[in-house]
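The values are calculated or read from the model by the stated rules, or taken from the named source; none is laboratory data. Please read all numbers here as calculations on a predicted model, not as lab measurements. Cβ: placed from backbone, ideal geometry, glycine included. Neighbour counts: every protein chain shown. Accessible surface areas use protein heavy atoms only, side chains included; no ligands, DNA or RNA. Shrake-Rupley method; radii C 1.70, N 1.55, O 1.52, S 1.80 Å.
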Amino acid sequence: ALRPDAQELFYTAVIPGGNNPSYLWYLPIGERGMPGQLREGYSPQWRPDGRQLLYVNGDKEKNQAKIWVVNPDGANPTQVSVGNGEFNDIDPHWSPNGRKIIFSSNRGTINGKKNYDIWIMDADGGNLTQLTTNGSCDDKPVFAPDGKTVFFRSNRGLVWDIWVMQLNENK
């Protein structure tokens, strides 16, 4: 994820050897700086105004990946996706105005079976809402620049394809 001011590139890497977790790294752009390690986590996404970095972290042994935000310098990590249980909140992306976070989660069930659906929440974790309910896997959601259109991947019909939905701002 390129920082909005284009000064640094943030990425995920695993240190070779052993069963190490993923780490967020940064690399200065346009100078010969060395890469630096920010913190444990993966899937970095910059808030459009550059004030926070969105990422996923959690207890892999307990199958509990959650969504976090952190300041650009790595300070003030805050978990924004909440809830107890063995589920994963993954693939987070900011809305264009930075007020919402869309993501994929297997916290819901269909006929007693967990599967990934698309969810949305406020940037502070409030107003959690499930957007798709389908027995197939829905993941990797992204906002269009209008902030009202969402694209996501789904294997509905047993074929992976890109789907689109319009958000209703009143609900």
What full-extension length gain, to one decimal in nm, is calculated for residue 6 and residue 134 as 0.36 nm per residue of separation minus the Cα-Cα distance?
42.3 nm
Looking at the stretch 1-93, which trypsin sites (Lys or Arg not before Pro) are DSSP coil and have at most 12 other C-beta atoms within 10 Å of their C-beta?
32, 51
Loop only by DSSP, 10 or fewer other Cβ within 10 Å of the Cβ. Give me the GluC sites (Glu not before Pro) in the stretch 18-110 that pass, ordered by residue number.
31
Provide the gained length on full extension for the span residue 99 to residue 164, in nm with one decimal, where the gain is 0.36 nm per separating residue minus the Cα-Cα distance.
21.4 nm
Mind giving me the FRET efficiency for residue 82 and residue 32? R0 is 30 Å, r the Cβ-Cβ distance, nearest 0.05 is fine.
0.10
What is the total of Lys pairs in the chain with C-alpha atoms under 23 Å apart, excluding same-chain pairs fewer than 8 positions apart?
18
Solvent exposure of the chain as accessible area per residue, Å², 1.4 Å probe:
56
On the full set of protein chains, 1.4 Å probe, figure out the accessible area of residue 139 and give it in Å² to the nearest 10.
10
Neighbours of residue 4 by Cβ distance under 12 Å: Lys/Arg at +1, Asp/Glu at -1, summed charge 0
Give the long-range amide H neighbours of residue 8: residues separated by 5 or more places, or on another chain, with amide H under 5 Å away, using H modelled in the peptide plane at 1.01 Å from N.
3, 29
Using only the Cα atoms of the chain, construct the convex hull and provide its projected area averaged over every direction, in square nanometres to one decimal.
11.5
Amide H of residue 39 versus every other amide H placed in the peptide plane: which residues, excluding those fewer than 5 positions away on the same chain, fall under 5 Å?
24
Sequence-distant residues sharing a close amide H with residue 58 (under 5 Å, placed H)
66
Computed label-point distance, nm, for sites residue 144 and residue 156 using a 7 Å Cα→Cβ extension:
1.6
Taking protein heavy atoms only, a 1.4 Å probe, and rounding to whole percent, the accessible area of the stretch 23-98 owed to carbon and sulfur comes out at 45
Which order do you get for 165, 121, 34 if you rank them by accessible area with a 1.4 Å probe, largest at the top?
34, 165, 121
By the scheme Lys and Arg +1, Asp and Glu -1, what is the net charge of all other residues having a beta-carbon under 15 Å from that of residue 95?
-1
Accessible area, probe 1.4 Å, largest first, for residues 151, 103
151, 103
